[in-house]
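What follows is one structure encoded as structure tokens, with my remarks underneath.
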Amino acid sequence: MIIYDEKLQNVTVLGAAGKMGSGILLLTAVEMADLSLKPENKGKTFCLNAMDVSQEGLAGLMKYLKDQVLKLAEKKTVALRQIYRDRTDLIENEEIIREYVFDVINIVRPVTTVESAYNSTIIFEAVIENLDLKKKLLSQINENNHNKPWFFSNTSSIPIHVLDEAANLDGRILGFHFYNPPAIQRLVELITTPKNPVEMVEFAKTFAKSLKKVLVPSNDVAGFIGNGHFMRDALHAIHEAERLTKEVLFVEAVYMINKVSQDFLLRPMGIFQLIDYVGIDVVQFIMKVMNPHLKDEDLHSDLLDKMMNLGVKGGQRSDGSQKDGFLKYEKNKPVAVYDPDSKEYKQISEFQEKCDEKLGPLPDSWKPWKIVNFSKDKKDTMLINYFNELKTGKTTGAELARKYHARSNEIGNKLVIDKVANNKEDVNTVMLTGFFHAYGPVNEYLS
């Protein structure tokens with residue numbers, strides 16, 4: 001553990017005030033604070049640089065950090081009493097909690113200059129998916145940091161070997177892809193290359209274990225497992241909605257495919273909701289990043305381009321509320337669908353009954369995603385019974401669901417064939433853990 005503690009004495013998070021960076025910073029700050037409070041580390045200095053170009057963002061970050069650490073401290077007062085057992089000045093829980101919050105916050109240094117990373121041994125990179133920007137930052141740090149730091153990139157799509165070669169890092173970079181939000185999501189995709197030092201990979205595994213993360217290895221192929229599945233899954237939904245416009249209005253087609261992917265396929269949210277959650281702009285951008293690295297397919301959607309040209313981007317606000325995209329939201333629930341021709345939202349209530357009737361009823365054994373997903377003892381039986389019924393359904397909804405499921409299964413299998421994933425279990429784990437699906441895409445339910 002000596003190398004582990006030493007490597008975490010001086011760390012920098014690039015893009016710390018962003019949606020992903022703030023969560024990564026929180027997790028790292030708590031881990032570093034816990035290390036600093038060990039008796040063997042008494043007297044050692046632990047420094048975590050929260051680097052971002054936005055002063056306003058950093059101010060918000062520090063408030064977020066304080067609030068989150070306070071909540072965490074309140075949940076582990078018993079453990080904190082043990083940590084501070086030699087502090088006779090700390091008697092009440094409130095005093096212990098306040099001291100712990102101070103100790104965590106005291107490690108963090110909000111900074112706006114990249115020079116602050118020149119003494120760090122670990123660099124977490126969580127800036128936007130822009131190769132040129134990543135190259136510039138990583139190269140500058142590498143050229144001026146004599147510690148030969150390890151770089152952990154949160155990229156969700158850019159191949160790690162591309163970043164390595166672009167920034168001339170000599171193998172000292174790996175993919176450590178947290179899922180959003182990092183503080184809550186348990187999944188981390190680990191993307192390594194043959195050039196990575198063995199001790200660097202071992203450190204990454206130890207760090208993930210300390211954070212209580214589920215670590216899934218993904219091979220160094222653009223998009224990795226998560227976006228490798230999600231981008232193709234989204235394109236299938238878009239193409240199906242476009243095909244349906246021969247029979248129904250565009251807004252009705254989007255509503256129907258969203259309902260099929262959520263209700264008929266037992267997912268936590270519909271596919272168009274998920275695209276909005278991630279951001280139409282982000283989805284479009286990831287496809288553009290992935291495309292040059294793919295030989296046998298074209299990840300592109302004219303519809304996404306059209307939505308972007310109309311300024312409809314989706315995504316989330318800083319408070320976590322959902323911005324309008326394909327769907328319009330009230331209290332984070334969809335209430336309307338955007339019509340790109342009229343450039344306005346159409347209320348779902350105006351066509352919901354018509355669309356539901358066209359889809360047909362859900363199978364009799366259907367249960368909501370939440371019930372299926374969290375029913376551990378009966379989950380497999382519930383899924384088998386449900387899909388057996390869906391398999392023979394004659395409704396439009398059942399037919400669309402079977403086609404959607406088959407495509408999802410095909411995508412998952414291809415990720416294994418193309419050696420993006422090592423096996424189907426890793427594909428399923430990513431979708432189960434990172435996307436909260438009730439079942440993995442590579443299965444026998446509808447075979």
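Rule-based calculations on the coordinates, nothing more; no lab input. Not measured: the values here are computed from a predicted model. We place every Cβ from the backbone using ideal geometry, glycine too, and count neighbours over all the protein chains shown.
The stretch 16-37 to the stretch 214-263: how many Å between their Cα centroids?
The two parts, judged by their Cα centres, are 33 Å apart.
Take each of the peptides 381-392, 265-276, average the number of other beta-carbon atoms within 10 Å over its residues, and list them starting from the highest.
My ranking of the peptides, most packed first, is 265-276, 381-392.
GNM, the chain, Cα, under 10 Å: largest mean-square fluctuation among I123, I91, I83?
It is I91.
Build a GNM of the chain with springs between Cα atoms under 10 Å: which of G434, G43, G228 gets the top mean-square fluctuation?
Its mean-square fluctuation being the largest, the pick is G43.
Would you please state the base-10 log of I(q)/I(0) at q = 0.09, 0.10, 0.14 1/Å for the stretch 183-311, with intensities from the Debye formula using one equal scatterer on every alpha carbon?
Reported log10 I(q)/I(0), two decimals: -0.35, -0.43, -0.76.
Could you tell me the largest-minus-smallest coordinate of the C-alpha atoms of the stretch 226-434 on each of the three principal axes, in descending order and whole angstroms?
If we take the Cα atoms of the stretch 226-434, the spans are 45, 43, 38 Å.
Once amide H atoms are placed 1.01 Å from N in the peptide plane, what residues at a sequence separation of 5 or more from I158, or on another chain, have their amide H within under 5 Å of its amide H?
G223
What is the chain's relative contact order, in percent, from Cα pairs under 8 angstrom and six or more apart in sequence?
Details: 737 pairs, mean separation 54.8, N = 447.
Reported as a whole number, the value is 12 percent.
Given R₀ = 51 Å, what would the calculated FRET efficiency be for K136 paired with K209, taking r from the Cβ atoms and rounding to 0.05?
After rounding to 0.05, the efficiency reads 0.95.
Sort 12-25, 394-407 for me by packing, meaning the mean count of neighbouring Cβ atoms within 10 Å per residue, highest on top.
Details: 12-25: 26.0, 394-407: 17.9.
Per-residue Cβ counts within 10 Å, averaged per peptide and sorted highest first, yield 12-25, 394-407.
Would you list which lysines come within 18 Å of K414, measuring only between C-alpha atoms, while excluding same-chain residues fewer than 8 positions from it?
Filter leaves K295, K403, K424.
Return the distance in nm (one decimal) between the two label points of a simple spin-label model at E297 and E330, each offset 7 Å from Cα along Cα→Cβ.
3.8
Quick one: in the chain, what % of C-alpha pairs are over 29 Å apart? Before the final figure, lay out the partial values.
Details: 51454 of 99681 pairs.
Result for the distance tail: 52 percent.
Straight distance only, please: which lysines reach the Cα of K323 with their own Cα at less than 22 Å, same-chain residues fewer than 8 apart left out?
Counting by Cα, and skipping residues close in sequence, K323 has these lysines nearby: K19, K259, K306, K313, K331, K333, K343, K346.
Given a Förster radius of 35 Å and the C-beta distance between K376 and E165 as r, what FRET efficiency does 1/(1 + (r/R0)^6) yield to the nearest 0.05?
The pair K376/E165 has a calculated efficiency of 0.20.
Can you tell me the FRET efficiency between Y445 and K71 if r is taken as the Cβ-Cβ distance and R0 is 51 Å, rounded to the nearest 0.05?
Details: r = 39 Å, r/R0 = 0.76.
So, using R0 = 51 Å, E works out to roughly 0.85.
Which net charge results for the neighbourhood of R186, defined as the other residues with beta-carbon distances under 10 angstrom from its beta-carbon, given Lys and Arg at +1 and Asp and Glu at -1?
Net charge around R186: +2.
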